[in-house]
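One structure is given below, encoded as structure tokens.
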Amino acid sequence: MKSFKFNLEKVLKLRHFKEQEAKNELGEAIGILVGIENKIKQNDLMRKKAAQERFTDINKQGANLMTDWENYIMRLEHEKERLTVEAEAAEKTVEEKRGLYIEASRELKIMEKLKEKQKLEYRKEAFSAQTKEMDDLFKADRLNSSF
């Protein structure tokens with residue numbers, strides 16, 4: 001008896017490929033988002049450190065150095081605002097990619113279920129045909145042995 005052959009195997013492979021591509025794109029988008037979040041955390045640490053250092057030895061630093069610290073802190077705050085906007089855009093991208101991945105995964109599962117259903121149906125038909133063949137052989141053997 002011939003083995004099971006799924007007629008839509010090429011479509012199934014294509015869906016596997018699309019699902020893997022969507023997973024890779026989602027991973028890249030998440031990586032970008034995590035990188036931006038890490039930059040925001042690093043920025044916060046640098047601002048805290050700058051705020052602490054700004055007031056150490058005020059008498060030795062002088063007014064010019066205090067102004068430099070203030071400017072540096074302001075620059076870090078602007079950088080954080082820019083990174084926050086980037087993070088929001090990256091989050092939207094992650095959500096879009098997640099949706100694409102979920103859709104590709106759903107389509108793949110549908111195709112895999114169809115394959116399993118057809119495979120099960122093939123096995124039932126093969127078992128039925130094999131049983132019928134065995135019955136026919138048994139009947140023929142009984143007829144031959146009665147003569």
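Report yes if Lys117 is exposed (fewer than 11 other Cβ atoms within 10 Å of the Cβ) and under 30 Å from Ala22 (Cβ atoms), otherwise no. Yes.
For beta carbons closer than 8 Å, sequence separation of 6+ or different chains, a first residue in region 9-21 that is among the hydrophobic types (A, V, I, L, M, F, W, C) and a second that is part of a helix (DSSP H, G or I), the qualifying pairs are Val11/Met111; Leu12/Leu108; Leu12/Met111; Leu12/Glu112; Leu12/Lys115.
Screening Thr56 with (1) at pLDDT below 95; (2) in a helix (DSSP H, G or I) gives one miss only, at (2). Exactly one residue out of Glu21, Glu79 is closer than 30 Å to Ile102 by Cα and of a type in the set (D, E, K, R), and it is Glu21. For region 75-103, the set of residues classified as within 30 Å of Ala50 (Cβ to Cβ) and either basic (Lys, Arg) or not in a helix (DSSP H, G or I) (or both) consists of Arg75, Lys80, Arg82, listed by residue number.
Taking the conditions exactly as written (surrounded by 15 or more Cβ atoms within 10 Å (Cβ to Cβ) and over 31 Å from the mean Cα position of the chain (by Cα)), does Ile73 satisfy them or not? Considered against the rule, which asks whether it is surrounded by 15 or more Cβ atoms within 10 Å (Cβ to Cβ) and over 31 Å from the mean Cα position of the chain (by Cα), Ile73 comes out as yes. Within region 65-115, being farther than 29 Å from Lys41 by Cβ and basic (Lys, Arg) holds for Arg106, Lys109, Lys113, Lys115. Just one of the listed residues (Glu86, Glu53, Glu96) is in contact with a Phe, Trp or Tyr (Cβ under 8 Å, 6 or more places away or on another chain) and more than 30 Å from Phe4 (Cα to Cα), and it is Glu53.
Identify all residues within region 1-33 that are part of a helix (DSSP H, G or I) and either hydroxyl-bearing (Ser, Thr, Tyr) or in contact with a Phe, Trp or Tyr (Cβ under 6 Å, 6 or more places away or on another chain) (or both); write none if there are none. Before you say what the answer is, go through the steps one by one.
First pass over region 1-33, keeping only residues part of a helix (DSSP H, G or I): 9-33.
If the condition is that a residue be part of a helix (DSSP H, G or I) and either hydroxyl-bearing (Ser, Thr, Tyr) or in contact with a Phe, Trp or Tyr (Cβ under 6 Å, 6 or more places away or on another chain) (or both), then Ala22, Lys23, Leu26 are the ones that fit.
Candidates in region 100-147 are the residues that are hydroxyl-bearing (Ser, Thr, Tyr) and at pLDDT below 90; of these, the one that is farthest from Gly27 (Cα to Cα) is Ser146.
Return the pairs, sorted by first residue and then second, in which the second residue is aliphatic (A, V, I, L, M) and modelled with pLDDT under 95, the first residue lies in region 33-58 and is within 16 Å of Met74 (Cα to Cα), the beta carbons are less than 8 Å apart, and the residues are 6+ apart or on different chains. If the second residue must be aliphatic (A, V, I, L, M) and modelled with pLDDT under 95, the pairs left are Arg47/Ile73; Ala50/Ile73; Ala51/Ile73; Arg54/Met66; Arg54/Ile73. Scanning region 76-102 for residues that are more than 20 Å from Glu37 (Cβ to Cβ) and in contact (Cβ under 8 Å) with a residue 12 or more places away in the chain, which turns out surrounded by the fewest Cβ atoms within 10 Å (Cβ to Cβ)? So the residue we want is Leu100. Looking at Arg106, is it basic (Lys, Arg), closer than 29 Å to Asn7 by Cβ and surrounded by 11 or more Cβ atoms within 10 Å (Cβ to Cβ)? Taking the combined requirement at face value, the residue satisfies it. When Lys49 is tested against (1) over 18 Å from the mean Cα position of the chain (by Cα); (2) under 26 Å from Arg15 (Cα atoms); (3) among the basic types (Lys, Arg), only condition (2) is not met.
The values are calculated or read from the model by the stated rules, or taken from the named source; none is laboratory data. These numbers come from a predicted model, not from an experiment. Because the Cβ atoms are built from the backbone with ideal geometry, glycine has one as well, and the counts that use them run over all protein chains shown.
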